[in-house]
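Here's the structure, in structure tokens; my notes come after.
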Amino acid sequence: MAKQKGILPFVGTLGGLNFYYLNGKPVVRLAGGGFNGKDIKNKPSMQRVRENSSEFGHCSEVNKAFRMALRPFYKGYKFTHFHSRLMRLFTQLKDLDVVNKRGERLVGNGITHANGLNLLKNYPYTPDCDVRNVMPFAYVVDATNFGLTISEFDIKQVCFIAGATHIELTYGVLDMDFTTLDYDIHLADVLVLDKGFAGTSVSLMPSSLPTSIGTKLAVLGVRFYQEVDGALYVLNANDGVGIMVLECF
């Protein structure tokens, strides 16, 4: 694959080459290759391809539902490569399914594996804005009422990005069935803190409780703002929006 150069990039096929856009940039590669649909559907040698395709489609559906469920934590912002990053997560979870045979493995079964919840909890959802680095504190989630307590809080230890004067905390519990893809989100009131915040602890409580649809994920999101003439303006920098899963139940 190579990049196109010129004033007017071409899109299409010409002289055995494909010209197209990738992530907003004009690129070119050799045309043709791959398999035809009939071979993939019928040839025994394509069995592994069919299995991978089926599982990829399932992971993609889970990915879409999960991103929609998390929208309250990053609304108005578009992550670069968020879909592909989550595909790696759900592919790893699918691989943990020891119930179904290859080609029929499910993310939901992988989550019930001994390592499933740990993978959900520790996965780097937003590496450009690692919430644990932004706010290096102890987090405690109550297993009964799902309230979040950030103890020994010190605003001076919060890593504000350039230009930021305020940080917004969005906390909630995502109750999701990773097989049926049904979900419900239970959010706490959004909390906005400025650099002068003097509190030594922070508590956030969801306004409603999960009703046991499926796996429960305690999720914390952060965003940064800049105050100008008394008004707050969101800073949509790559390192200005972060999501972290605190606990899984």
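Here are the numbers for the structure shown:
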read-out: Heavy-atom SASA rank of SER207, SER151 (probe 1.4 Å, accessible area, largest first); value: SER207, SER151
read-out: Segment ALA138-THR179, extension gain: residue separation times 0.36 nm, minus the distance between their alpha carbons; value: 11.6 nm
read-out: Calculated FRET efficiency for the pair THR149/ASP128, C-beta based, R₀ 22 Å, to 0.05; value: 0.25
read-out: Set LYS78/LYS101; LYS64/LYS195; LYS75/LYS101; LYS78/LYS121; LYS94/LYS195 screened for pairs whose C-alpha atoms are more than 32 Å apart; value: LYS78/LYS101; LYS64/LYS195; LYS75/LYS101; LYS94/LYS195
read-out: Probe 1.4 Å, all protein chains present, accessible-area order of CYS248, CYS59, CYS159, largest first; value: CYS159, CYS248, CYS59
read-out: Over segment 187-232: Rg over Rh, Cα atoms, Kirkwood Rh; value: 1.08
read-out: Calculated FRET value between THR200 and ARG71, using beta carbons and R₀ = 30 Å, to 0.05; value: 0.40
read-out: Rg over Rh [alpha-carbon atoms, Kirkwood Rh] for segment 93-142; value: 1.15
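The values are calculated or read from the model by the stated rules, or taken from the named source; none is laboratory data. All figures in this text were calculated on a predicted structure; none of them were measured in a lab. Glycine gets a Cβ as well: all are built from the backbone with ideal geometry, and neighbour counts include every protein chain shown. Please note that ligands, DNA and RNA were not included when accessible areas were found on the heavy atoms of the full protein model with its side chains. Shrake-Rupley method; radii C 1.70, N 1.55, O 1.52, S 1.80 Å.
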